[in-house]
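Here's the structure, in structure tokens; my notes come after.
The values are calculated or read from the model by the stated rules, or taken from the named source; none is laboratory data. Remember, predicted model here, so these are calculated numbers, not experimental data. FYI the Cβ positions are ideal-geometry reconstructions off the backbone, even for glycines, and counts take in every protein chain you see. Note: areas computed on protein heavy atoms with side chains; ligands, DNA, RNA excluded. Shrake-Rupley method; radii C 1.70, N 1.55, O 1.52, S 1.80 Å.
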Amino acid sequence: APIEVVRRMHTYRCDARAEGSTLLALLSQDVDNRRLVCTFAGRLGDKTSTVLEALSTALCTTDNPTDAKSQVGALDARAAAASTLCQLSRYGGLAELVRVIVDGNQEIKNEAASAMAKIADEDSEKDHIVATGVVSSLLEMIIVSSTPRARLLAGRVLAKVSEPGQNEHIDDVFKRINKVCAVQPELGMSCIVPTIDILLRSLDESQRAAAAQCLTSWCMVRELAKQIWFNGAEPLIDLLLTDAKVNPDGVYYAVQAMVSLGTHEDMLEDLATFTFMWEGERRGTMMAVRKVLKHAPRDITCEAAGIFYTLWEFGGLEALTDILVKEDAERATLKYCAQSLQPLCSKPVTRKRIADQAGYDLDGVG
């Protein structure tokens, strides 16, 4: 049956390709079947076509049907083929997706990038994806594409391959991130500036969230963190000030990016003291983090309080104390601020600073 499916996927109309791709996807759901499925081949005259070639043909279908049923079939063929290639990634499916992203038209690139993002969820596949050299094509999608979906999908792939895998050694993560953020010779630039540009200019909140997700991982590398903060401090703080109800993922990843930046001791003062004018209003890191503490959901609030703790030498201690003493904040916010301030109470110098600002004697700080 798979051999006959391969033949029909090459010679029949697009709705037959969709049905064939779906059948191969069902066969490939069982991990034990995947290697066997990839060995099937069908005869096309004097030539032989493999399952992977048939799926690639279905993904790259260029039929332009006019009736409604065939139009749906063309779209389904691409989606089903991309999903099946995702399942067969270890047996040549990844290589086919990379080829499509490099050579296909925009709609086909989108389907392939969507499938590749699913592959990138597997920790063992992140290095393989970067090693294929697809980063340059993904960056080109971000720069050149006129469709929001293309930039979003490309950004998600870059974000996922940059994230640390479970139990992965940090040096291996840094090596992969450096490869992702290296200057691409074909384009003469790296991923950093175009990703920051999405934060600055995009009106699509999902795109901004995906961009911030990329920066969260890249900021773990000290050299990249300095470049990101130099070029992207203002749009990153602007994302922090976005209403968490409008873009919860964006605010979450913006906070995570600040946490990553705070791991570099030589950058702490720059982080804490940074301010700028935005539409006649003065904004800055401390003001943005304080707003997150007051209005964001609990999982974000906890991380934001940790940022103030990291910056305690440069105003974070005073901010935490001020919130506890003066702010009419939610109980969870007060709890996280107290937890961040508690370790500082054990040091005589910081305990005195807390007591002076709060208006208590040293024994009353607790």
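Table: residues versus (1) of a type in the set (Lys, Arg); (2) in a helix (DSSP H, G or I).
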| position | (1), (2) |
| --- | --- |
| Arg290 | yes, yes |
| Leu293 | no, yes |
| Lys335 | yes, yes |
| Lys352 | yes, yes |
| Tyr360 | no, no |
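May I ask you to list the residues in segment 28-69 that are modelled with pLDDT of 75 or more, of a type in the set (A, V, I, L, M) and open to solvent by 60 Å² or more (accessible area, probe 1.4 Å)? Of everything in segment 28-69, those that are modelled with pLDDT of 75 or more, of a type in the set (A, V, I, L, M) and open to solvent by 60 Å² or more (accessible area, probe 1.4 Å) turn out to be Val31, Leu36. For segment 125-164, what are the residues that are outside any helix (DSSP H, G or I) and either hydroxyl-bearing (Ser, Thr, Tyr) or surrounded by fewer than 16 Cβ atoms within 10 Å (Cβ to Cβ) (or both)? If the condition is that a residue be outside any helix (DSSP H, G or I) and either hydroxyl-bearing (Ser, Thr, Tyr) or surrounded by fewer than 16 Cβ atoms within 10 Å (Cβ to Cβ) (or both), then Thr132, Gly133, Ser145, Ser146, Thr147 are the ones that fit.
Among the listed residues Asp266, Asp322, which satisfies the condition of being closer than 21 Å to Arg222 by Cα, charged (D, E, K, R) and part of a helix (DSSP H, G or I)?
Working: Asp322 fails: closer than 21 Å to Arg222 by Cα.
Being closer than 21 Å to Arg222 by Cα, charged (D, E, K, R) and part of a helix (DSSP H, G or I) holds for just one of Asp266, Asp322, which is Asp266.
Could you count how many residues in segment 179-215 are among the basic types (Lys, Arg) and at pLDDT 90 or above? Please lay out each step first, then the result.
Here is the first cut: in segment 179-215, the residues among the basic types (Lys, Arg) are 179, 201, 208.
Among the residues that remain, those that are also at pLDDT 90 or above are: 179, 208.
Qualifying residue count for the region: 2.
Figure legend. Inter-residue proximity from segment 34-51: first residues within 10 Å of Arg7 (Cβ to Cβ), second residues in a loop (DSSP other than H, G, I, E, B) and at pLDDT 85 or above, beta-carbon distance below 9 Å, spacing 6+ or different chains. No pairs are indicated. Considering (1) under 23 Å from Asn231 (Cβ atoms); (2) of a type in the set (Lys, Arg); (3) surrounded by 14 or more Cβ atoms within 10 Å (Cβ to Cβ), the lone condition that Arg351 does not fulfil carries the number (1). The numbered conditions (1) open to solvent by less than 60 Å² (accessible area, probe 1.4 Å); (2) modelled with pLDDT under 85; (3) more than 23 Å from Thr242 (Cβ to Cβ) are all true for Ala338 except (2).
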